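Engineer: To start, I am sharing the structure in question, which I have written as structure tokens.
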Amino acid sequence: MHASLSHALSKQFLALPVIDLIVLAFFLFCWLFYEPMLKRLGKERNVINTDMTVIRRRWMAEMTVREIALLDGQLLGHAINSASFFASSNLILIAAAAGVLFGGDSALKSIEGLAVLAPASTLVFQIKLGVVLVALARGLLDFIWAIRQMNYCLAAIGATPMWSPRAVLDEYAEATGAILNPALSAFNAG
């Protein structure tokens, strides 16, 4: 029974309009290769993501010599609030898309009347909505991971050693920057 179900689904999937298959393949290609392409381009100069990595490390170096790191905590708190906003927005969109996708025929029929949707079969619509749902879920996970890492960075800012030798402060700034950069990269990925 399982083999016949998977055969039926693959047969229906291959019956999708060619343009939908092309767009799906293009979306998957962009989704899978966008970040590696940015990393490859980032090895060159004058790429904003590479420049921001340097700026954030410099920020952490300046943070170690300030008497009060309150400003640094507030700036990072703003980034956490932004990530939280996008995460909660993603969660609302996930709930809406899942409600339509798993809400049965009544949910699908209520959407069919919208003028912005091109006429398509139920399967095509479900596949499109499923792709959107997966992309939103991935973004939500990136935002959650970014928030967690930024909280680690806040702890590191709060634990900044005061009146330590310059070599210790430089080492600490480098370690804190190594926490901050992946956190904000995860935020960008979301």
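The values are calculated or read from the model by the stated rules, or taken from the named source; none is laboratory data. Every value quoted in this text rests on a predicted model; they were computed, and no experiment measured them. For accessibility, only protein heavy atoms count, side chains too; no ligands or nucleic acids. Shrake-Rupley method; radii C 1.70, N 1.55, O 1.52, S 1.80 Å.
Engineer: Quote the accessible area belonging to Thr64 in square angstrom, nearest 10, computed with a 1.4 Å probe and with ligands, DNA and RNA left uncounted.
Structural biologist: Rounded to the nearest 10, that gives 10 Å².
Engineer: In what sequence, largest accessible area first, do Lys109, Lys128 appear using a 1.4 Å probe? Don't skip to the answer; put the middle values down first.
Structural biologist: Working: Lys109 140, Lys128 100 Å².
Greatest to least solvent exposure: Lys109, Lys128.
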